[in-house]
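Written out below as structure tokens is the structure these notes cover.
The values are calculated or read from the model by the stated rules, or taken from the named source; none is laboratory data. Small disclaimer: the values here were computed from a predicted structure and weren't measured. Neighbour counts are summed over all protein chains in view; Cβ atoms, including those assigned to glycine, are modelled from backbone coordinates with ideal geometry. Only protein heavy atoms, including side chains, enter the accessible area calculation; ligands, DNA and RNA are left aside. Shrake-Rupley method; radii C 1.70, N 1.55, O 1.52, S 1.80 Å.
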Amino acid sequence: MSQIVSFVTSSIGRKLVMAITGLLMIGFLVTHMSANLLVIFDPEGYNAYSHALISNPLIYIAEFGLIALFVGHFVSGFAVTLRNRRARPIAYGENNGAGHTSRKTLASTSMIISGLVMLVFVPLHILSFKFGTWYEAAGDPHVRDLHRLVMEEFQSPLFVMWYLGALTFLAAHAWHGFGSAFESMGVSHRTWIRGSGQALTAILWVGFCAVPVYVYFIAGGGS
Ligand code: HEM
């Protein structure tokens with residue numbers, strides 16, 4: 001046990017925890033984004049899907065797993081950042097990239113900021129939706145009308161703007177994080193892995209943004 005703890009708290013262990021938890025959360029986001037598209041294409045199917053999820057007792061295990069991934073990811077992320085800061089207490093005088101061989105991008109240099117935005121966004125998001133108003137579905141009072149809640153929340157232009165902004169930070173984080181995770185796991189310098197992660201991130205961004213954009217601009221939320 002103590003060997004596991006000392007590995008997980010070593011600098012390689014922390015990077016590995018960050019990599020694995022980050023990739024698993026991207027996996028969750030793929031399923032979450034796909035289910036969200038039902039808001040646009042199949043409102044009843046969306047409520048039925050959410051009902052099937054929340055009435056399955058295994059949901060508690062899945063939710064515990066999600067919390068563990070989230071906490072594990074940001075605790076190891078902070079620890080790695082603090083260690084790097086201590087190793088170089090004085091910042092570089094100039095922040096130049098290494099020309100075409102550098103992988104320094106806006107996304108890579110803003111990982112802490114985008115991570116902090118997620119730290120604020122995710123709890124607020126769960127408060128708004130998971131613990132938001134419980135409407136009963138018209139056909140069956142035991143089923144939650146989550147579709148109605150989503151349609152109501154995105155009536156507010158400020159809420160829509162906050163979502164589109166936060167989703168852009170999330171995309172920037174995953175854009176850089178996906179490839180870096182594979183490098184931390186020892187699969188380094190494979191451009192196709194980085195490229196696939198960036199393509200997946202672009203799909204996630206478009207898919208997630210589609211819901212607030214649809215509700216506000218197309219379904220008449222903003223009119
Ligand atoms: C426009 C984009 C999004 C919409 C419309 C949306 C909608 C929802 C809704 C309605 C729920 C409640 C589900 C239920 O109780 O059955 C939920 C839960 C959740 N969402 Fe989102 N979501 C979006 C983006 C995101 C993003 C970007 C993240 C992560 C960074 C995220 C993470 C979560 C988590 C962790 C839960 C709780 C899952 C659980 O406890 O079962 N969501 N979302």
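Accessible area per residue (1.4 Å probe, heavy atoms of protein chains only) ranks Arg148, Arg194, Arg14 as Arg148, Arg14, Arg194, with the largest value leading. Taking the charge dipole of region 116-223 about its Cα centre, with +1 at Lys and Arg Cβ atoms and -1 at Asp and Glu Cβ atoms, the residue from Phe178, Thr168, Ala219 reaching farthest to the positive side is Phe178. Surface composition of the chain: carbon and sulfur atoms hold 70% of the protein heavy-atom accessible area at a 1.4 Å probe.
In a fully extended conformation the segment linking Asn84 and Val120 would gain 10.6 nm over its present Cα-Cα distance, using 0.36 nm per residue. Considering every alpha-carbon pair of the chain, the percent of pairs per 10 Å bin, from zero through the bin containing the longest distance, is 7, 28, 33, 20, 10, 2, 0. With a simple spin-label model that places each label point 7 Å from the Cα along the Cα-to-Cβ direction, the separation between Ile113 and Ile193 comes to 2.8 nm. Given labels modelled 7 Å from the Cα in the Cβ direction, how far is it in nm from Ser34 to Glu136? Taking the two extended label points, one gets 3.3 nm. In order along region 119-131, the phi-based Karplus estimate (6.51 cos²θ - 1.76 cosθ + 1.60, θ = phi - 60°) of 3J(HN,Hα) comes to 5, 8, 5, 4, x, 5, 4, 5, 4, 5, 9, 4, 9 Hz; Gly and Pro are listed as x. Solvent-accessible surface of the chain, taken per residue with a 1.4 Å probe and all protein chains present: 62 Å².
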